[in-house]
Amino acid sequence: MEIDFPLTKIKEGKIEFYVPNFKKFEKEYKTYSSVLPVFYNPVMKLNRDFAVLVVQVFQMEKDYQITVCEPLAGCGVRGLRFAKEVEGVEEVVVNDLNPKAYKLIQKNISLNGLEKTVKVYCEDANFILSRFAGKGKRFDVVDVDPFGSPAPYLNSALRATKNGGLLCLTATDTAVLCGVHSKACLRRYEAKPLRTEYNHELAVRILVGFVCREAAKIDLAIQPVFCHSTNHYVRVYVKIFRGAKKADKALTGLGYIYHCFNCLNRKIFNKPFPENQTCEICGGTMDFAGPLWVKELWDKKFVEKMLNLANVKDLGKNLNKILWKIFLEIEGEPTYYVLSYLCDFLNIPTPSYQSIFKKLEKEGFKVTPTHFNPQGLKTNAPINILKKILLENV
Ligand SMILES: C[S@@+](CC[C@H](N)C(=O)[O-])C[C@H]1O[C@@H](n2cnc3c(N)ncnc32)[C@H](O)[C@@H]1O
Ligand SMILES: [Zn+2]
């Protein structure tokens, strides 16, 4: 098959590559990325920048030449960036079911002179992952970046990841994970979502919880090292370890988050499922989200290494800003309060974020910002105290 559509050459990170000339398609369609003959979304640059950083830190921990697989590659930009920008990468396997993508990736490999490092296939993602799922064939890193949910590829991606390897997942079905379509969330992730002001964090926790349960079914354990929720997607990075005992231990990271819509109180439980919770603050009946991951979402040492490396690599101010906020929130409480939402709830004007932050600190509470929301506060202050502080401030 020949490339029979107009191309344009662009740059991202340290590579140059061809993508469909979206200006030609933009005239006919509103959202070009979904109608291009080969997929490319420039908005996901930040997602790929983070991926390059995470994979480099992971490689430095391993201290050997690693292998990477990107089974849903589009125009190949992500896989090519791994090959070019991450030091210590021996081989990158990229794949896309679309024959036009396969052709374009071949062209992009030649353009960047990466023939020795990058191999390209044109297969179904589950097929290619299963092909490399046997002992001795698995990858150090598998990066699943699909349209919508990674759920259809999870089992084969887990099987194709080495013991001690890294699995990276994007989910763009955030409306599902955030509780706009709760039936779809139950069906796809076997978890109940909840539409709260902190549902972006719940989305990440539901996805990690699902990965943990799917991994445990095949005697694999997960350890989350990094995650972020940006724009229209969530992204999680988990290390994978083999062993039934380890899998059992990982399952202890699952639980439920209860929420009181009457007073905004929340309560975190490990499994088993605690039925009919009454709010200890207002006596109301609490609703819940879960099962989901209730333990740490980030590995502090890993994020520290990312921060150090981000200072050396020039990956942009926005990435550094998000990374710094994540570093601050690592030891914060699960869930967060959104200051403007809380003040609307109390029917009072919203004070400055900094003033409330400082007041909470002064009263001896733990408080951190969160990358999930610019108005978000993670604190161990109970909701009634937080409300008292806000009302006194008016
Ligand atoms: C969101 S795009 C990938 C974007 C790419 N990872 C990046 O960073 O630019 C999803 C890709 O998956 C491909 N795809 C869809 N279903 C597939 C399947 N079952 N197996 C392999 N590729 C598939 C599509 O052709 C599309 O290129
Ligand atoms: Zn309550």
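The values are calculated or read from the model by the stated rules, or taken from the named source; none is laboratory data. These numbers come from a predicted model, not from an experiment. Here the Cβ positions follow ideal geometry from the backbone for every residue, glycine too, while neighbour counts run over all protein chains shown.
Here are some notes:
- In region 214-247, the qualifying residues are those that are under 17 Å from Ser149 (Cα atoms) and among the polar types (S, T, N, Q), and the one that is nearest to the chain's Cα centre (by Cα) is Ser229.
- Exclusive hit being within 19 Å of Lys192 (Cα to Cα) and either within 16 Å of ligand 1 (Cβ to nearest atom) or of a type in the set (A, V, I, L, M, F, W, C) (or both), set Cys260, Cys227: Cys260
- Search result, residues across region 295-312 that are under 19 Å from the mean Cα position of the chain (by Cα) and in a helix (DSSP H, G or I): Lys300, Lys301, Phe302, Val303, Glu304, Lys305, Met306, Leu307, Ala310
- Among all residues of region 226-242, there is none that is part of a helix (DSSP H, G or I) and touching a Cys at 6+ places or on another chain (Cβ under 6 Å).
- Selection within region 32-65: residues that are of a type in the set (Val, Ile, Thr) and either outside any helix (DSSP H, G or I) or without any contact (Cβ under 8 Å) to a residue 40 or more places away in the chain (or both). The member of this set that is nearest to Phe5 (Cα to Cα) is Val38.
- Among the residues of region 259-276, those identified as among the aromatic types (Phe, Trp, Tyr) and either within 10 Å of ligand 2 (Cβ to nearest atom) or free of Cβ contacts under 8 Å to residues at least 24 places away in the same chain (or both) are Phe261, Phe273.
- Only one entry in Pro374, Pro382, Pro351 is closer than 30 Å to Asp299 by Cβ and either surrounded by 13 or more Cβ atoms within 10 Å (Cβ to Cβ) or within 16 Å of ligand 1 (Cβ to nearest atom) (or both), namely Pro382.
- Single residue of region 261-277 satisfying the filter (surrounded by 14 or more Cβ atoms within 10 Å (Cβ to Cβ) and among the charged types (D, E, K, R)) that is nearest to Leu339 (Cα to Cα): Arg266
- Residue list for region 66-83, filter: within 14 Å of ligand 1 (Cβ to nearest atom) and not in a loop (DSSP other than H, G, I, E, B): Val68, Cys69, Glu70, Val77, Arg78, Gly79, Leu80, Arg81, Phe82, Ala83
- Scanning region 153-179 for residues that are away from ligand 1 (no atom under 16 Å from the Cβ) and in contact with a Pro (Cβ under 7 Å, 6 or more places away or on another chain) yields Leu177, Cys178, Gly179.
- One residue alone among Val43, Val57 is among the β-branched types (Val, Ile, Thr), within 21 Å of Ser229 (Cα to Cα) and surrounded by fewer than 20 Cβ atoms within 10 Å (Cβ to Cβ), and that residue is Val43.
- If you go through region 103-126 and keep only what is without any contact (Cβ under 8 Å) to a residue 24 or more places away in the chain and either surrounded by 16 or more Cβ atoms within 10 Å (Cβ to Cβ) or in contact with a Phe, Trp or Tyr (Cβ under 6 Å, 6 or more places away or on another chain) (or both), you end up with just Gln106.
- Residues within region 148-190 that are within 16 Å of Ala215 (Cα to Cα) and within 17 Å of the chain's Cα centre (by Cα), tallied: 14
- Failed criterion for Glu304 (all others in (1) closer than 24 Å to Ile206 by Cα; (2) out of contact with any Asp or Glu (no Cβ under 7 Å at 6 or more places or on another chain) hold): (1)
- From the list Leu315, Leu319, Leu292, the lone residue that is over 24 Å from Leu360 (Cβ atoms), more than 16 Å from ligand 1 (Cβ to nearest atom) and either at pLDDT below 95 or not in a loop (DSSP other than H, G, I, E, B) (or both) is Leu292.
- Test result for Lys137, of a type in the set (Lys, Arg), more than 19 Å from the chain's Cα centre (by Cα), away from ligand 2 (no atom under 16 Å from the Cβ) and in a loop (DSSP other than H, G, I, E, B): yes
- Single residue of region 336-394 satisfying the filter (of a type in the set (Phe, Trp, Tyr) and touching a residue at least 60 places away in the same chain (Cβ under 8 Å)) that is nearest to Asn262 (Cα to Cα): Phe345
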